[in-house]
Amino acid sequence: MGCHCEAVKMSQILDTRKRQRPNKQTLLGLEGSGARLVYQAIQKMLPESWHFHGRNRRPPEDPVNALLSLGATCLYQLAIAALSGRGLDCHAGFYHVPCSGRASLACDLVEVVRPVLEAFVVKQIMTGVFAPHDFSSSATKGCRLTRKG
């Protein structure tokens, strides 16, 4: 599938958003569809040596997912600090349902900047900041950045 097909699919997602009255479920579905297209495009851009075949986590199975998870964790902590520093309840959320032990509003905030994180990770890989040998994998811990990496 070429770039044209992905552009058509993204256009269809946007058209759906324009036709339907926005609600939480519709927006979450559209976000998921868009994310799948983004990850398909990333897979096509990266060399096979990165073993990226889509988003996975807990634990991440490949170096790209390890970087995405690390970046998301850092953004989550920054979001908690920013929200708390302004007196906001970071555990209340809109898209992420409040649950014990999770700062749901911080998760919502991270979603807004996730495309920037994804672009940053791809750029770091494409410019050689990271290489596949900067990571180690185990069955129980998944793929992780090594100390040298």
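The values are calculated or read from the model by the stated rules, or taken from the named source; none is laboratory data. These figures come from a predicted structure and were not determined experimentally. So basically every Cβ, Gly included, is an ideal-geometry build from the backbone, and we count neighbours across all protein chains shown. Keep in mind that these areas ignore ligands, DNA and RNA; they rest on the heavy atoms of the full protein, side chains included. Shrake-Rupley method; radii C 1.70, N 1.55, O 1.52, S 1.80 Å.
Charged (D, E, K, R), modelled with pLDDT under 95 and out of contact with any helix residue (DSSP H, G or I) (no Cβ under 8 Å at 6 or more places or on another chain): does that describe residue 141? It is true that residue 141 is charged (D, E, K, R), modelled with pLDDT under 95 and out of contact with any helix residue (DSSP H, G or I) (no Cβ under 8 Å at 6 or more places or on another chain). Can you find, within segment 97-112, the residue that is nearest to the chain's Cα centre (by Cα) among those that are among the hydrophobic types (A, V, I, L, M, F, W, C) and open to solvent by less than 60 Å² (accessible area, probe 1.4 Å)? Selected residue: 110.
Taking the conditions exactly as written (at pLDDT 95 or above, under 20 Å from residue 32 (Cα atoms) and either open to solvent by less than 90 Å² (accessible area, probe 1.4 Å) or of a type outside the set (Asp, Glu) (or both)), does residue 68 satisfy them or not? When the stated conditions are applied, residue 68 passes them.
Would you mind stating whether residue 58 is out of contact with any Cys (no Cβ under 8 Å at 6 or more places or on another chain), among the charged types (D, E, K, R), farther than 16 Å from residue 111 by Cα and open to solvent by 90 Å² or more (accessible area, probe 1.4 Å)? Walk me through how you get there before you give the answer.
Details: out of contact with any Cys (no Cβ under 8 Å at 6 or more places or on another chain): yes; among the charged types (D, E, K, R): yes; farther than 16 Å from residue 111 by Cα: yes; open to solvent by 90 Å² or more (accessible area, probe 1.4 Å): yes.
The answer is yes for residue 58.
Go through segment 122-136 and give me each residue that's part of a helix (DSSP H, G or I) and surrounded by 15 or more Cβ atoms within 10 Å (Cβ to Cβ).
Of all residues in segment 122-136, those part of a helix (DSSP H, G or I) come to 122-126, 132-134.
Residues satisfying the conditions are 122, 125, 132, 134.
In the set 105, 37, 78, which member is over 30 Å from residue 139 (Cβ atoms), in a helix (DSSP H, G or I) and at pLDDT below 90? Result: 37 is the single residue among 105, 37, 78 that is over 30 Å from residue 139 (Cβ atoms), in a helix (DSSP H, G or I) and at pLDDT below 90.
Can you go through 119, 92, 82, 139 and tell me which one is open to solvent by less than 70 Å² (accessible area, probe 1.4 Å), over 12 Å from the mean Cα position of the chain (by Cα), among the aliphatic types (A, V, I, L, M) and more than 26 Å from residue 25 (Cβ to Cβ)?
Working: 119 fails: over 12 Å from the mean Cα position of the chain (by Cα); 92 fails: more than 26 Å from residue 25 (Cβ to Cβ); 139 fails: open to solvent by less than 70 Å² (accessible area, probe 1.4 Å).
Going through 119, 92, 82, 139 in turn, just one is open to solvent by less than 70 Å² (accessible area, probe 1.4 Å), over 12 Å from the mean Cα position of the chain (by Cα), among the aliphatic types (A, V, I, L, M) and more than 26 Å from residue 25 (Cβ to Cβ): 82.
When restricted to residues that are touching a strand residue (DSSP E or B) at 6+ places or on another chain (Cβ under 7 Å) and of a type outside the set (A, V, I, L, M), segment 97-149 contains 8. On inspection, residue 68 fails the criterion of being touching a residue at least 40 places away in the same chain (Cβ under 8 Å), in a helix (DSSP H, G or I), over 27 Å from residue 147 (Cα atoms) and aliphatic (A, V, I, L, M).
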